[in-house]
1. Considering only the range 231-263, state which residues are among the hydroxyl-bearing types (Ser, Thr, Tyr) and surrounded by 11 or more Cβ atoms within 10 Å (Cβ to Cβ).
2. For the range 15-55, which positions are touching a helix residue (DSSP H, G or I) at 6+ places or on another chain (Cβ under 8 Å), closer than 26 Å to SER97 by Cβ and either loosely packed, with under 14 Cβ neighbours inside 10 Å or of a type outside the set (Gly, Ala, Ser) (or both)?
3. Scanning the range 11-50 for residues that are touching a His at 6+ places or on another chain (Cβ under 7 Å) and at pLDDT 90 or above, which turns out farthest from LEU91 (Cα to Cα)?
4. Name the residues in the range 11-70 that are in contact (Cβ under 8 Å) with a residue 60 or more places away in the chain and hydrophobic (A, V, I, L, M, F, W, C), would you?
5. Hey, could you check the range 56-101 for residues that are under 20 Å from GLN41 (Cα atoms), touching a Lys or Arg at 6+ places or on another chain (Cβ under 8 Å) and not charged (D, E, K, R) and say which is surrounded by the most Cβ atoms within 10 Å (Cβ to Cβ)?
Amino acid sequence: LKKKITIGYIVYDIDEYLAPANILICSKCMGLGHFMKQCTQTKSTCKTCGECVDDLKLHICSNVEKCIHCGQNHKSNSLKCQVVKSFRSELTRKLLSSNNYSSASSLNKVNNSNQPNFQYLSSDFPRMSLPQHLPSNINNDMLNKMDDLLGKITELNNHLTNLELKYSKFEQFMIEKNTSNLSVKQNVNLLSQHSTDYKKELVHHSILIERHENVCMKLIIPMFEDLFGLISSQNQDMKGNILDADLKVKLERYLIQMKKVKEGKHSNT
C-alpha cells in the first residue's frame, strides 16, 4: 500500500527514491566491482590507452583513448561506456529487487500484526473547499503593492525615456563633432599645402634676388665706376683744372655710395 501526502488540497502518492548505484572501478586493472586492494592483477592498466604495464609512472601513454571494456574511443573508467552502463543498470535492478523484497516482508509483518486490515478510500478524505473571498485588508494590501509597483515601473519608464533622449543628443553631438574635426583637418591640410607653396615661392624669389644682386655687383656697379671715371676725366681741361665742380661732387658722391654698397654686400656674405 502506497503512502500519500496532501499538499495544497491535493493528494500525492509517495514513492521511495533510490539513487542509481555507484560502481566500483579498480584504479589498477580498470575492472568493475572491486577496489585496487582487492585486485589480483599483477600489472597496471592505463586508463587512457588500455595498455598493461609494470609501472604507470614510467609508462609513456600514446594519448589515444581506447576502452578495455568495449574498445571504443573513451577512457576505460568512463561512465558513458556501454559495458559500464549495463553493469550499473544490472546492479541497480538487483538493489531495487532486494529493497522491494525487504519492504514487502516488512509490510506483511505489519499487516499480520495489526488486525483488522485497514483499507484506504479517497472518498473518506474529501478535499477541502477553497475560500471564496479573501479578507478585505489583504485585498487592500495587494492593491497598494500593485499601485506602488506600477508607480515604480512608470518612474523607470520615464527614466529610460530621459536616458534615450540624452543618448540621442549625445549621439548627435558626436556626429557634429566628428564632422567639425574632419573640416578642421581639411583646413589644416590646406594651410599646410599653402605654407609649402609659399616656402617654394620664397626660395624662388630669394634665388632671383641673389641673381640680381650678383648682376648688379659684378656688372652694373663696375660699369658705372668706369663710366664715372671717364666722365671725371672729361671734366678737366688740358691743365687738369676742374671744369664743373658740381659734377665732380656728384660723381664722388655716387662713387662713395657704390663703394658702401659693395662693402655692405661683402660684410653680409
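The values are calculated or read from the model by the stated rules, or taken from the named source; none is laboratory data. A quick note: this is a predicted structure, and the numbers were derived from the prediction, not measured. Cβ sites come from the backbone with ideal geometry, for glycine too, and all protein chains shown count toward neighbours.
1. Start the filter on the range 231-263 by keeping residues that are among the hydroxyl-bearing types (Ser, Thr, Tyr), which leaves 232-233, 254.
Correct list: SER232, TYR254.
2. GLU16, LEU18, PRO20, ILE23, ILE25, LEU32, GLY33, listed by residue number.
3. CYS46
4. The initial filter retains those residues of the range 11-70 that are in contact (Cβ under 8 Å) with a residue 60 or more places away in the chain, namely 11, 16, 18, 20-21, 23.
VAL11, LEU18, ALA21, ILE23 - these are the residues of the range 11-70 that are in contact (Cβ under 8 Å) with a residue 60 or more places away in the chain and hydrophobic (A, V, I, L, M, F, W, C).
5. SER76
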